[in-house]
1. Compute the angle between helix A:301-310 and the longest alpha-carbon principal axis of chain A, please, reported from 0 to 90 degrees and rounded to the nearest 10.
2. How far is helix A:105-119 tilted, in degrees, relative to the longest principal axis of the Cα atoms in chain A, given as a value from 0 to 90 rounded to the nearest 10?
3. For chain A, with the dipole built from +1 on Lys and Arg beta-carbon atoms and -1 on Asp and Glu ones, taken about the Cα centre, which of A:LEU365, A:VAL109, A:THR390 lies farthest toward the positive end?
4. Which one of B:PHE21, B:GLN45, B:PRO63 is farthest out on the positive end of the charge dipole of region B:1-106, using unit charges on Cβ (Lys, Arg +1; Asp, Glu -1) and the Cα centre as origin?
5. Take peptides A:136-145, A:233-242 and line them up by average Cβ neighbours within 10 Å, highest first, as a rough protection proxy.
6. At q = 0.05 Å⁻¹, what log₁₀ I(q)/I(0) does chain A have when each alpha carbon counts as one equal point scatterer in the Debye sum?
7. Using label points projected 7 Å from each Cα along Cα→Cβ, tell me how many nm separate B:ASP25 and A:VAL288, to one decimal.
8. Karplus couplings for region A:143-151 from phi (6.51 cos²θ - 1.76 cosθ + 1.60, θ = phi - 60°), rounded to Hz, Gly and Pro as x?
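Taken together, the values in this text are just the output of simple stated rules run on the coordinates, not laboratory data. Just so we're clear, the structure is a prediction, and the values are computed from it rather than from any experiment. Virtual Cβ from ideal backbone geometry, glycine too; neighbours counted across all protein chains shown.
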Amino acid sequence: MSPQVTKLERLSTGVPGLDRILDGGLVRGGVHLLQGVPGAGKTVLSNQMCFAHVAAGGRALYTTLLAETSAHMMQHISTLSFFDASAVPAALSYISAYSAMKTALKDVVKLLSSELRSKKPALLIIDGLAIANVSFGPVEVKEFIHELQLAGEAYGCTTLILSTGAQGSYQPELTMVDGIITLQRTLHGTRSLREVEVQKMRGSNAVFGRHSMVITGSGVTVYPRLEALLGDPNAVPAPAGQPLGTGVPRLDRMLGGGLPPSSTTMRLGPSGSGKTTIGLHFLAQSTVEEPGLLLGFYEGPSRLARKAKDLGLPFQELVDAGALTLMCFPPTEQILDDLGARLLETLHKQKTMRLFIDGLDGFELATPDRHRVIPFFTALANELRIMGVTTLFTSETPQTIGMKIEVPFAGTSGLAENIILLHWLQSRARLHRLLSITKVRDSEFDLSVHEYSITGQGIVVAEDSTGARALLSGESADVDGGGP
Amino acid sequence: VTDKTILVIDDEYGIADLLQFALEDANYRVLTAPNGKMGLAAAQQHHPHLILLDVMMPIMDGPATLRALKADETLRDIPVVMMSSIDEARVAQLCQGFVVFVRKPFNLDALLGLVEKTMDG
C-alpha cells in the first residue's frame, strides 16, 4: 500500500499562467518572496493578485515598509484593467508599517497581527523588505519571517513579501520562506524580455526554471515553457485511421496513400521551391468535419487566400464555411510560448484535423534562445499527435541549388515522422524542381526522385522519374522540353 | 508661529513629515500620529484646531477615527479634512456623507488653501 500523500492547499494568484507554474498557486498560509530589480513588475504582479483575490470574494491587505506611497502606486495601477476602485478599502486596504518598523521588526509583526485579526485578509503583501535587510541583522530578519509564518498560519493568511533582492550577498529570508519567485528583465539585442522564475516552492511540483512574462494593459500574463508542460510521448496514442490526402494525387501515391493520420511531416527545401504551395494543397482538402488551420508568419490571411485562389484552391469558400482558419503572426516581437499557447487554444476550439505551419523559423524568431526551438517543437508535435492533428510544416534550407540538403536546426529531422525534400537543380541554364521522400511512418513509400512544377492548377508531380533521372545523370537535353 | 494647532494622522512615511514641514512653514503648530488610535489620543490630549486624517491606516482607519471623533463631545466640533488616494464619492460613502476631502497625491498649495478655508469656518 502506497503512503498517502497530502497536497498542500493552494491560494490561486489569479494571474494568467502563474498558477500553472506554481502547481496551483501560492502555498495557503505560507510566506513567499517575490523578488526582482526595480521595473521587473513586482508591484503590478502583487496588485493584480490582490485585485484577483478580492474579485473572487476574498480580502487582501497591501502593506508598505519603505516603498512608493499608496497614492502614487494607485495612480499607476488604476491604468490597468484589473483595478477596481470599489474594492478599496473595504476588501483591499493599503497601509504603511514603516512607523512601526522604525522601532523594531517585532513591532511590524505586532501591527500586522492586529491588522490580520481585524481586517481578516487571506492575502497579505509586504512591499519593501530590502529596507529591513539594511536596517536589521540577519537574525532579526529571520525572526521576522518566522513570526509572519506563525501569524499567517494562525489567521489563515498567505503572505507575499516583495524585495529587490541582493545579488551576491546573503539574504536570510531565502532560507525561511515557503516559496521564491524571481522576476527578471533582460535585454536581447535591442529587445527587452521579461521572465519569471520559480526558484523554490515547498511541497509542490512547481515548474521550475524561467518562463516568459508580459505586462500589458490587462496586467501580467505568464507563458509557461511549453516543453516543460506538454507533449508527453507516453500519452501519444497508437496511430489509427486512414492516410490524409495532400491534395496532390501523385504525391499521395508516392507517400503510399497520403500522410499517416496524426503524424508530423516536414517539407524541407530552399526558397521558391513550392513549400507553401504544397501546404495550401493540403489545407484545400479541409472540410467542416475535418477542419484545417494555417499558421503563417510572413504572409497575411488575405494574401494567402489570394495565392490559393491563383492556384485554383477555394480557400475563401473554405474559410467562409468554417472549414479553414488562417492565422498569421508577424515574426517580430513574438513570445514563443504565447505562440504555442494561442495555436493550441485555436486547435482545440476549432477541433482542427489538418495543420499547416508555414515556416519553422517563425518559432525561432520568437525566442532569443535558439536551443529551445527543437525541444519546444518536439513537445508541440507530440501534443498535436495526442490531439489527432495531422501536421505539415515547412523549413527552409540555407542552400538554394543542388541535391545536397542541409537541415537548418540540428535535430529537426527527428521530430518529423515523414520528410519530403524539395530541391532546385540547374541544368543547361534552366532551373528544375525535384521532389523526394526520405521517411514515411509505418508505410512503404516511393524512393525515386520526381520532377514537379507549379502551374495555374497548383503542384503537378511527374508521373515517373524519367525526367529527374535524366537531370541527375546529366542527360538533361531531353528534359528541357519535356517536364511535367 | 500662530496659536493654531493641526494634527496630521497618516501612516505613510514621508507624508506626515511633508505636511508637518509645509504647515510649520505656514506658521501652524503641527502634531503627527501614524494611526487613528494614536491620533485620537493626541486629539484628546491637545484639542487641535484642525485634523488632517488619512483613510487607509493600520490599527484604526480614517472612517473609524472620524466616528470616534464625532462621538466625543469634546472633539466633535474640530474640523476634519479627509485625505485619500481613493475618490471623494467613495470616501463620502465610507464617512457617511463627510465631504471635506483632498485627493492624494495632493498639491500642497491647494491643501494649504483648503486648511485655511476649513479652519476659518
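1. In chain A, helix A:301-310 runs at an angle near 10 degrees to the longest axis.
2. With both axes taken from Cα atoms, the answer is about 80 degrees.
3. Positive-most Cα among the choices belongs to A:VAL109.
4. After comparing all options, I get B:PRO63.
5. Details: A:136-145: 16.7, A:233-242: 9.9.
Ranking the peptides A:136-145, A:233-242 by packing returns A:136-145, A:233-242.
6. Taking Cα atoms of chain A as identical point scatterers yields -0.28.
7. Inter-label distance under the simple model: 7.5 nm.
8. Each residue's phi maps through the Karplus curve to give 4, 4, 5, 4, 5, 5, 4, 5, 5 Hz.
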